[in-house]
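Quick notes on the structure that follows.
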Amino acid sequence: MRNQPLNSIFSERDAGGVSLIDPPTALRFHLLLVAFCAISVVVLCRIAWVQSQLQDRYLTALNTTSTDYEVIPARDGRILSESSAVLATDVDQYSVQVHYRWLQEPADEAWIARGVRKRLSRKERSDADLVNRTREELIAARKRMWSHLLTVTDLSLPAFMEKQQAIQKQVTRIADSVNRRRRMGSTESDFDDTATNTSSDGLLMRMASAVRSALTTPPGTAIAATIVVREEETFHEIVRDAPFAVAARIHEQSHLLPGIRVVVGNRRTYPLNATASHIVGARTVVRDDEPNTRLPPGIPRHEWTARTGRFGVERSYDHQLQGIPGLRRVVRNRRMEIVESNVERQPISGRDVVLTLDVDLQRHAEQLLAETLLDAPAILLSPQENDDSSSPQPVPTGGSIVVMDVVSGRLLVAASAPGFNLSLFTGSSIAEWNAVNADQRHPFISRVIAMALPPGSVIKPVTAIAALESGRLNPDESFDCQGFLTRPDEHRCLIYRLHGAGHNDITLTRAIAQSCNVYFFSAASKMGFLPLREWCDRFGLGRECGIDLPFEKDGNVPGSSGTAAEDPRRFAREALGLAIGQSSLTVTPLQMARVMAAIANGGWLVTPHVVSADGTARTTTDIDDRPRDLSRRRISGLTEGTLARVREGLKAVVQEPYGTGYRTVRREEVAIAGKTGTAETGPGKPDHAWFAGYVPADEPRYAFVVVLEHGGSGSRAAGPVTRELVQKMLDTGLVSGTVPAAGLRKAGRNQ
Ligand SMILES: [Zn+2]
């Protein structure tokens, strides 16, 4: 319609040949001319502005780059023994990765076109045949690369296809989702524009808006073009843990394997596998549903497979062991090609941790336990000597052995059975995992620290100390044991149950050595419940020892001091049970080892630990370096005289022919002190077998505990295991015999 007036002017001129134009028509003509010129000026100005200003903007968009941060993995610290055995370490892991474009099926057309362009000069590109041939060549090169990759990696075709499809499915899903969001976004903005237009009144405004929109909106094809997501232009893992040989072959034949790269990372291994597995612990990858507190800022979660300690030292020393990953800044152009890459932060390796465990003795203890649980052929335990009982020994459901330095609290042995292989956590078979998981004996429980059991008679030294220190017991006064306290059907000695006899005239030493229940029942009824409970408390029972391992249990001491004080008579009966380690008293093997260490070291409560106080081989400023509190605490009110009487009794247990440990524990070479315990566990179930003590009896160096759950008699089941353990300590020079032989003094290395 805009041209109509002009047409009418010319038509008038042509029709009539008359050049006379009336004034109103001339005015209209001039007005139209002015309007035309004005519009032209606007358009020209806009073109000039687009040329000068927008050019920069579009060029910038063309050169736009994206910046990503990639993680440079760091090695975690090792777990070592003092003898330099490696119990946990990181080893190199070679990940074989394929660039997505070399994997995508069918090949991406834009990628092929790009490849063809790269291979041909501008002139050659005009030759359609050549372009086609180059294209076919490129597709064939992909197929050749695939088959070569299979040969080099020993990957089967179905396995490769499965991987390839899984990767492609995932990348396609990401790309689709990104593009769908993008399309939805642009549709919404178009709609908004339309809405504004219709809402404004007036023809001129609508026209102005239409002109503005036509001049400023970029061509529609720009919206329709799909976005390339990063996953389409990066590498994807096709073999996780390739052998070194494969990595080397790929490196050598890189010219035959375009689009393939090998990335070196690391994985955790446990070279000694089942040895001290409960103590070493495991470090595994942080799962997607877990909070990942170690993610460096700016790192997408999927970029970094962080690992975390799950149990054992791997967990409790996680902050030292954990390496700090480095950071690489990578700048990519619009085609996702890397244009710049630099390391922003170098990775920092984690620190090594040195265990206090004597790996040789620990292994020996584990073998002893495995033999008693019939999990291993008997090669260490000799057949029972002079076993006068015809009843067969029950097979224990579990067991633990602890050996502790009586002065420092460092653990030389912390063995728990049944055990498991740490390879379970580093990718062993599902079947193996299921087998361990289904084991009703619960192999994953660290029995040393997390299994609280009634201690039975091994608590009697504490009862004796409570009675002596409360002044209610004269250790030299003779006591007549008739086999039971007041009635023949309860509160009896074992000897009465078996043979209908009592221990007759005995003193404290014999009462400990022969494990006379009635003697301690009598002492408990004289002193009452409170001193007993108080001394259990002073020896650290009923609360955690504070060992440097996670998941320690506290056990139970019956009756809080408050309730017992309110009604002492209510606890009179409880006192009898508590005196011989029954009632609801439960202790962990570690707590019992600490009690024995305190009796042996003159009354000091030590802090048990499995990591050497100076056990870190590297230092960095990033890690908390405060020394651990390994202090020991004097047990208040415990006199040397009392300790001497109790120690005398504990020595007699093994050294005197009347002692309960004489036949099964005693060794010629060294005097052993200790106490048998046979803890009742309820009707129909075998008792728990205990033996707890220290060695050498006269100059104590190591406290030890042997517990066999439902293993029967302390003397007959736990005794022989103790004897084998001490024999090994003699063999390795940890303790020296009464007649020191040349070379045995090397035991001095342990203070
Ligand atoms: Zn008795």
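Say R0 is 35 Å: what FRET efficiency, to the nearest 0.05, do Tyr658 and Glu544 get from their beta-carbon distance? The calculated FRET efficiency here is 0.40. Simple spin-label estimate for Arg46 and Asp698 gives 11.1 nm between the two label positions (7 Å along the Cα-to-Cβ direction from each Cα). Full extension of the chain between Asp489 and Ala245 yields a length gain of 80.4 nm, computed as 0.36 nm times the residue separation minus the alpha carbon distance. Look at Ile430, Ile348, Ile401, Ile547 and count the other Cβ atoms within 10 Å of each Cβ; fewest to most, that gives Ile430, Ile348, Ile547, Ile401. The orientation-averaged projected area of the convex hull spanned by the Cα atoms of region 390-512 comes to 12.6 nm². For the pair region 679-730 / region 69-93, the C-alpha centres are spaced 37 Å from each other. Modelled spin labels at Glu109 and Asp129, positioned 7 Å past Cα toward Cβ, are 2.5 nm from each other.
Taking other residues whose beta carbon is less than 9 angstrom from the beta carbon of His99, and scoring Lys, Arg as +1 and Asp, Glu as -1, yields +1. Here Ser522, Ser40 are placed in order of increasing Cβ neighbour count within 10 Å, fewest first, which gives Ser40, Ser522. The gain in end-to-end length when the Asn63 to Thr172 segment is fully stretched comes to 36.7 nm, 0.36 nm per residue minus the alpha carbon separation.
Which parts of region 682-721 would a label at Ser83 reach, counting a residue when its backbone N lies under 18 Å from a point 7 Å out along Cα-to-Cβ? Within reach of a label on Ser83, which here means backbone N under 18 Å from a point 7 Å along Cα→Cβ, region 682-721 contributes 702.
For Ser156, the shell of other residues with beta-carbons less than 13 Å away shows a net charge of -1, using +1 for Lys and Arg and -1 for Asp and Glu. For a modelled paramagnetic label at Ile72, 7 Å from Cα along Cα-to-Cβ, the residues of region 318-340 in reach, with backbone nitrogen under 17 Å, are 323-331, 340. Extension gain for Asp629-Lys526 works out to 33.2 nm (0.36 nm per residue, less the C-alpha to C-alpha distance). Footprinting exposure proxy ranking of Glu337, Glu477, fewest other C-beta atoms within 10 angstrom first, gives Glu477, Glu337.
Figure legend: label point modelled 7 angstrom from the Cα of Met161 along Cα→Cβ; no residues of region 88-124 have amide N under 13 Å from it.
No value in this document is a laboratory result; all are computed from the given coordinates. It should be emphasised that the depicted structure is a prediction, and the values quoted were computed from it without experimental measurement. Here Cβ is always computed from backbone atoms with ideal geometry, including for glycine, and neighbour counts include all displayed protein chains.
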